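The values are calculated or read from the model by the stated rules, or taken from the named source; none is laboratory data. Fair warning: this is a prediction, and the values are worked out from it, not measured in the lab. Using ideal geometry, Cβ is built from the backbone for each residue, glycine included, and neighbour counts are taken over all protein chains shown.
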Amino acid sequence: MKNIAYLFLTVLFMAACSAQPSQPQTVFTNVHVLPMDSQQILHNQTVVIEGDRIVEVGPAGEVTVSSNATTIDGTGKYLMPGLAEMHGHVPPTNPGPNAPDYFDEEYVESTLFLYVSAGITTVRGMLGYEDQLSLKDSVSSGAYIGPNLYLAGPSFNGNSITSPEEARNRAIQQHEEGWDLLKIHPGLTLEEYDAMVEAANEVGITFGGHVPEDVGVIHAIESGQITIDHVDGYVRYLSQFEGDEMEEKLSEVIQLTKENNVWIVPTMALWETIIGAADYEAMKEYDELKYIPEAVRQNYFNFADNPQTGYTIGDPQEQADFRTRILAEMNEAGVKILMGTDAPQLFSVPGISIHRELPHMKEAGMSNFEILQSGTKNFGEYFADWDDFGTIAVGQRADLILVNENPLEDLSAIQNHAGVMVQGKWYSREMIDEKLAEIEEYYN
């Protein structure tokens, strides 16, 4: 009798579970889908979102839509994966007594929102601050509207690290604290870098960023640095050579990069600004500067009036052209490229900075599809051990942009979007415009 009673209760429990309503659904109807796993368009599709996942993709008319679902009419529009900022920055939540006055909660909130407003649904933050990991929970809970965050810890540089032992201990500590990767800045000695690498490999945390001059790009590649950002390490290495020898070394280092599965985050637009090859007067007129604090704008203008940097090697325009050539050769060789801008930085406003970067990638010979893949499928591959996202398919995280025209034909179409979805949460164009107006009013 006990077995019969147990079986009866089990059946009742299973029936009760099956009767529980599923999570609310959001459905994009009659939309053209850019899955980004290949260069194709799936026309007139229905895409069903449940919770933070894509649960069904199929031709319109063949997908059953729940009567309780929230529907978004995609007629004539294109649905693509959300973009990634693979070298971004997020303000500190605990800036300390010596931080600028504008490092307040409003600045954190507006920075996170600006990323989303431009279709950036994932940010790899490349400079950690104390307590910053709490932002992940703040975004997930809805306290802030922001992108998915993957954060590097406080940087390893010539000021923060004073010995190989400290480099080793800091790497282990950051892994234990829960940071997603280690950030490298200039100034590390070769011994400090190697100690960090050894510890990182032992605990299983990746490291990326700049190439310290004492380390060199060849050693960084062979040491397993997961990303080399800004291309400056390559420029410094290759500028030692001339003529046929330089051509040979360029080919060799690109092949070495590919063989070691190193990712490149070029940040071309910002680097033209940093090395003195940009049109500063035109940049002062950027419309998006209205979304940042006055003190930040003034810092940008001060730099433009007296640009000084330690990254310029030779003639600024020649270096800019050489950077473009390096990126072109890398793309042609099949090196893994990730979209990134290093925002917020000089004239580089979060989110919107992506649209300043795309023409530079185009100038390097990348096709529209290759450029879009660098900010969708490629970063999904980079983050494969964390989650599934970067394409439109069943099981992928629902990070999406609904654009009004085909971005494969014109990249600027991304700016003309009808809304953005992050982890299944939908933000309409109307809502985004209202929030942007609030940010503009606050800072002006």
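Scanning segment 136-148 for residues that are modelled with pLDDT of 95 or more and either on the phi > 0 side of the Ramachandran plot or surrounded by 22 or more Cβ atoms within 10 Å (Cβ to Cβ) (or both) returns GLY146, PRO147, ASN148. Scanning segment 115-130 for residues that are aromatic (Phe, Trp, Tyr) and either touching an Asp or Glu at 6+ places or on another chain (Cβ under 8 Å) or under 15 Å from VAL422 (Cα atoms) (or both) yields a count of 1.
Among the conditions (1) buried (at least 16 other Cβ atoms within 10 Å of the Cβ); (2) among the hydrophobic types (A, V, I, L, M, F, W, C); (3) more than 24 Å from GLU370 (Cβ to Cβ), the only one that VAL394 does not satisfy is (1).
When residues in segment 317-339 are screened for being in contact with a Gly (Cβ under 7 Å, 6 or more places away or on another chain), closer than 24 Å to SER239 by Cβ and buried (at least 20 other Cβ atoms within 10 Å of the Cβ), 1 of them pass. Quick check on my filter: what residues within segment 21-42 are more than 19 Å from THR376 (Cβ to Cβ), of a type outside the set (Ser, Thr, Tyr) and surrounded by fewer than 17 Cβ atoms within 10 Å (Cβ to Cβ)? Residues satisfying the conditions are PRO21, GLN23, PRO24.
For segment 93-100, the criterion of a residue being modelled with pLDDT of 95 or more and either more than 26 Å from ILE264 (Cβ to Cβ) or among the β-branched types (Val, Ile, Thr) (or both) is satisfied by no position. Whether a residue is without any contact (Cβ under 8 Å) to a residue 60 or more places away in the chain and over 27 Å from SER374 (Cβ atoms) was assessed, and ASP214 passes this test.
Within segment 175-204, how many residues are without any contact (Cβ under 8 Å) to a residue 40 or more places away in the chain and surrounded by 22 or more Cβ atoms within 10 Å (Cβ to Cβ)? Selection size over segment 175-204: 8.
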